[in-house]
Amino acid sequence: MEETRYDQRLHLLGLLALSYLLLKQLWILLVGIKNHVLSRWWRTNLRKYGGWAVVTGATDGIGKAYALELAKRGFDVVLISRNEEKLQKVAQEIEKQSRQKTKIIQVDFTGGSEIYPKVEKVLKDLDIGILVNNVGMSYTNDLARFLEVPNIKKKIDDILNCNILSMVQMTRIVLPKMLQRKKGLIINLSSAAGARPYPKVTMYGATKVFMDFFSRSLHREYKSDGITVQSVLPHLVSTNMTHRPKTNIVVKTSDDFVQEALDMVGYTTRTNGCLSHCVQSYILDHILTDTFMNSRICVFIAGCAAVLMFKIMKLQ
């Protein structure tokens, strides 16, 4: 009799556990449908945030795609990057295609705090509704352990200034007027490399973790003031930084990626940007657990996979 009651309790616990897991997966599916399907049918009206968008790292890849897409959606755009010739080219492309106004600011984001008064001067009188903190860099062109990075002393300063200081300073410049108007959107381009440890891209991944946590905390601080902060964590996108691998079901073009990511504004404040990358993250989250990641076999497999992927990208 006691064994029967014990078996019944175990059976009940098993059913409860199974029900919990099924409900959890159902909830993930419903959220995915909302973020990736409904967002395409009912886009958030981004123009409610203001008339100007500011994009850092706007001359190539994801930054350029954000600038072009925001112009298509009715925004005048401030383009910020270090290459003036490329800035002029992108500005002309925007004005020709969408007939929106543009401004350019030439600065090198590997510099320190001294570069930002120039940026403030240009932005001070603009009705800025959207800020896209996209500029970023890796500290080496090849996979390398931390102490084996060439010219490591300078590279540490460069990557911290470009990936972290730029985001914090640009937010400091733009946020006050957003608060005055009680509306604004800040999009921070983190990376899936910041979702879990990856050997031989240590500093890059660590800076992306900072971007993600800063974004999530900032959103909670200011959402009651009408400010939305979205953290975007892409996987592989075909850009100069990733050596332009061929696009396929897992590797997106920057234009396609940005269009999907912008559609999700108003639906989620933390996203991998597109359906393909969200599926990749879902799979990795269930495979690369902390226990597995800390095992020796995982370190070996991850190292081999990273080297293979890097070589494939360089050969494209």
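The values are calculated or read from the model by the stated rules, or taken from the named source; none is laboratory data. Predicted model only: the values in this text are computed from it and were never measured. Glycine also receives a Cβ, built like all others from the backbone with ideal geometry; neighbour counts cover every protein chain displayed. For the accessible areas, the whole protein counts, side chains as well, though only heavy atoms, and no ligand, DNA or RNA atoms are used. Shrake-Rupley method; radii C 1.70, N 1.55, O 1.52, S 1.80 Å.
Observations, loosely collected:
- Yes/no for HIS36 being within 19 Å of the chain's Cα centre (by Cα) and in a helix (DSSP H, G or I): yes
- Flag if ALA65 is buried (at least 17 other Cβ atoms within 10 Å of the Cβ), touching a helix residue (DSSP H, G or I) at 6+ places or on another chain (Cβ under 8 Å) and in a loop (DSSP other than H, G, I, E, B): no
- Checking the stated criteria, SER281 turns out to be open to solvent by less than 30 Å² (accessible area, probe 1.4 Å), at pLDDT below 90 and in contact with a helix residue (DSSP H, G or I) (Cβ under 9 Å, 6 or more places away or on another chain).
- LYS154 meets all of the listed conditions (1) out of contact with any Lys or Arg (no Cβ under 6 Å at 6 or more places or on another chain); (2) crowded, with 20+ Cβ neighbours inside 10 Å; (3) within 28 Å of TYR204 (Cβ to Cβ) but one, namely (2).
- Residue match in the stretch 31-43 (condition: loosely packed, with under 10 Cβ neighbours inside 10 Å and either free of Cβ contacts under 8 Å to residues at least 24 places away in the same chain or over 30 Å from TYR116 (Cβ atoms) (or both)): yes
- Residues of the stretch 126-144 that are of a type outside the set (S, T, N, Q), at pLDDT 90 or above and either closer than 18 Å to SER190 by Cα or in a loop (DSSP other than H, G, I, E, B) (or both): LEU126, ASP127, ILE130, LEU131, VAL132, VAL135, GLY136, MET137.
- Subset of the stretch 68-112 [surrounded by fewer than 16 Cβ atoms within 10 Å (Cβ to Cβ), more than 23 Å from the chain's Cα centre (by Cα) and of a type outside the set (Lys, Arg)]: GLU84, GLU85, GLN88, GLN92, GLU93, GLU95, GLN97
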